[in-house]
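Shown next, in structure tokens, is the structure this report addresses.
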Amino acid sequence: MLGSIIIFLIVYLFIASEKIEKSVAAILGAVAVLATGLITFEQAVSSIDLNVIFLLIGMMTCVGILAETGFFEWVAISSAKASKGSAALILVMLLIITMVFSSFLDNVTTVILIVPVTILITQLLEIPTIPFLILEALASNIGGTATLIGDPPNIIIGSKANITFNDFIVNLAPCILVVGAVFIVISLFLLRKNLKVPAHIRSRVLQSYPSLALLDKRKMWASLFVFGLIFVGFFTHNITGLPPGVIALGGMGLMLLFCKSKSDSVLKSVEWDVILFFIGLFIVIGAMEHNGVINFLAKKIIELCGDNMLMACMLILWGSAVFSAILDNIPFVIAMTPLVQEMLKNLGLPTTGPHPLFWALALGACLGGNGTLIGASANVVTCKLGEKNGYKISFMKFLKWGFPLMVIQVLIAMVYMWFRYF
């Protein structure tokens, strides 16, 4: 336990200080836990979430092909023109779209689609790009909390506790509506000084012709058709049994076929440093999970609860939020769900079906991902996409925006649970 904690803290320190690249820190950490015998090679491989890796590779490739057609430029110019150059309206539109998409798609997929459009819009209106990108990453985690399929922790909880899609909507969506509304208002307040667009830029936007941005309409329609098939696959994955990562890879193959793109050139659009970062981090956290660190922390939270259900919910909510901000929330939820079920069993309550303890775990784990850059996959992907386009988002910069907003969101969730269930 101690060895895996030390290596994780060293990796975390390098990521936070940015003395070396995040992907390099994660890979060296993975090599360290393997070299010291804290985890075997087979255990390390099994700790890598291939669903996330496949999803990233598939969607990055598909977005790269669609980007070649000028589609994102067309969307950016059209949106700016529809808002008449109002940066405040653009911000609200982008945050709402991100939250809605994230409710029904994977968070990573959502930011891969939204970030390129956002960068183009902010460049067009000459407004700060980095705050927009950070806020969109936070919005994706907020929206993903509302449904069973929106965020991986919810999928895990729903599967292990036999909770339906409708249960998540009924119990979590009302809370997320409030959290989302407050988040948008705070975002507008924080950026109030940066949302002023000069008149000459507004007139330039109003006189623009979005259609001129389209470079290859045939390829664009073929790409959008395949995206439609991918989204249908995401919506129906509970019926088909196909994981989102497999659906994304299938979509990538179809897009390469229909668009007649060269795979060797298109695969250059994949952010391979992001892929390496996730692989390394999965192995480092897998070592902590294998050596009982996460299980130990989860048990300590439950030991503090006793038989006080309100206190149990609040501890699980805040404990999940804090640990999900500094750890990957997927292994944490995997460790916590059976322990919550054991607690319910000791209290003589059903261990499956909707219960406030499960909602506390879901809200804490999903919203807690907003606390730091590595708290959620969407955060990392957003930052990497921004960095690729010349907008570097440091660990501390994200922390400055994300952590205070995360605390506000969890406070709202706490009040919601108190009024709704107690």
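Express in whole angstrom the spacing between the alpha-carbon centres of segment 145-208 and segment 217-233. Result: 25 Å between the Cα centres. Kirkwood analysis of segment 93-138, using all unique Cα-Cα pairs, places the hydrodynamic radius at 10.6 Å. Legend: calculated FRET efficiency, ALA67 to VAL24, from the Cβ-Cβ distance at R0 = 25 Å, rounded to 0.05, equals 0.40. In summary, the aspartates and glutamates within cross-link reach of LYS196, defined as a Cα separation below 17 angstrom excluding same-chain residues under 8 places away, comprise GLU126.
The label point for LEU2 and the one for ALA35, both projected 7 Å from the Cα toward the Cβ, are 2.1 nm apart. From least to most packed, judged by other beta carbons within 10 angstrom and beginning with the fewest, ARG204, ARG420 follow the order ARG420, ARG204. Once you sort the root eigenvalues of the Cα gyration tensor of segment 36-188 as a ≥ b ≥ c, which label holds: rounded (a/c under 1.5), prolate (a/b larger than b/c) or oblate (the other case)? Since a/c reaches 1.5 but b/c is at least a/b, the shape of segment 36-188 is classed as oblate. A Gaussian network model of the chain, with springs between Cα atoms under 10 Å, assigns the largest mean-square fluctuation among LEU91, LEU267, LEU56 to LEU267.
Mind putting a number on the dipole of segment 1-136 about its Cα centre? Charges go on the C-beta only, +1 for Lys and Arg and -1 for Asp and Glu, and I need it in Debye to the nearest 20.
It works out to roughly 240 debye.
Just check segment 2-421 against the gyration tensor rule for me: Cα atoms, a ≥ b ≥ c as the square roots of the eigenvalues, rounded for a/c under 1.5, and otherwise prolate or oblate depending on whether a/b exceeds b/c. Judged from the Cα gyration tensor, segment 2-421 comes out prolate (a/c at least 1.5, a/b above b/c).
Taking square-rooted eigenvalues a ≥ b ≥ c of the alpha carbon gyration tensor, is segment 362-422 rounded, prolate or oblate, where a/c under 1.5 means rounded and, failing that, a/b exceeding b/c means prolate? Because a/c hits 1.5 or more and a/b exceeds b/c, segment 362-422 counts as prolate.
Panel order for SER208, SER4, SER377, by other beta carbons found within 10 Å of each beta carbon, from fewest to most: SER208, SER4, SER377. Across the alpha-carbon set of segment 41-98, the Rg to Rh ratio works out to 1.25, Rh being the Kirkwood radius. Using the Stokes-Einstein relation with a Kirkwood hydrodynamic radius computed over Cα pairs, the translational diffusion coefficient of segment 141-287 at 20 °C and a viscosity of 1.002 mPa s comes to 108 µm²/s.
Straight-line reach from LYS300: which lysines fall under 23 Å, measuring Cα to Cα and dropping same-chain residues less than 8 apart? Cα-Cα hits under 23 Å: LYS160, LYS345. Quick one: among THR337, THR69, THR240, which has the greatest mean-square fluctuation in a GNM of the chain with alpha-carbon springs under 10 angstrom? Largest GNM mean-square fluctuation: THR240. Legend: ranking of residues HIS355, HIS237 from fewest to most surrounding C-beta atoms inside 10 Å; resulting order HIS237, HIS355. Charge dipole (Cα centre; +1 on Lys/Arg Cβ, -1 on Asp/Glu Cβ; no other charges) of segment 2-421 amounts to roughly 1240 debye. Projected onto the charge dipole of the chain (+1 at Lys/Arg Cβ, -1 at Asp/Glu Cβ, origin at the Cα centre), which of MET59, THR382, SER83 gives the Cα projection farthest towards the positive end? Value: SER83. Here the calculated FRET efficiency for HIS237 and LYS345, from their Cβ-Cβ distance with R0 = 45 Å, stands at 0.90, rounded to the nearest 0.05.
The residues packed around LYS268, meaning those with a beta-carbon under 12 Å from its beta-carbon, carry a net charge of -1 if Lys and Arg are +1 and Asp and Glu are -1. Label-to-label distance for ASN166 and LYS260 is 4.9 nm, based on points extended 7 Å past Cα in the beta-carbon direction. Too long at a 30 Å Cα-Cα cut-off: which of LYS84/LYS217; LYS22/LYS260; LYS19/LYS81; LYS19/LYS260? Violating the 30 Å Cα-Cα cut-off are LYS22/LYS260; LYS19/LYS81; LYS19/LYS260.
Largest mean-square fluctuation among LEU310, LEU135, LEU357, in a Gaussian network model of the chain whose springs join Cα atoms under 10 Å apart, belongs to LEU310. What's the angle, to the nearest 10 degrees (0 to 90), between helix 152-161's Cα axis and the longest principal axis of the chain? So the helix axis and the longest Cα principal axis differ by about 40 degrees. If you average the C-alpha positions of segment 242-310 and of segment 19-92 separately, how far apart do those two centres end up, in angstrom? Cα centroid of segment 242-310 versus Cα centroid of segment 19-92: 11 Å apart.
Bear in mind that the values in this text are calculations on the coordinates, not laboratory data. In this text, all values refer to a predicted model and were calculated from it rather than measured experimentally. All Cβ positions, glycine included, derive from the backbone under ideal geometry; neighbour counts span all protein chains shown.
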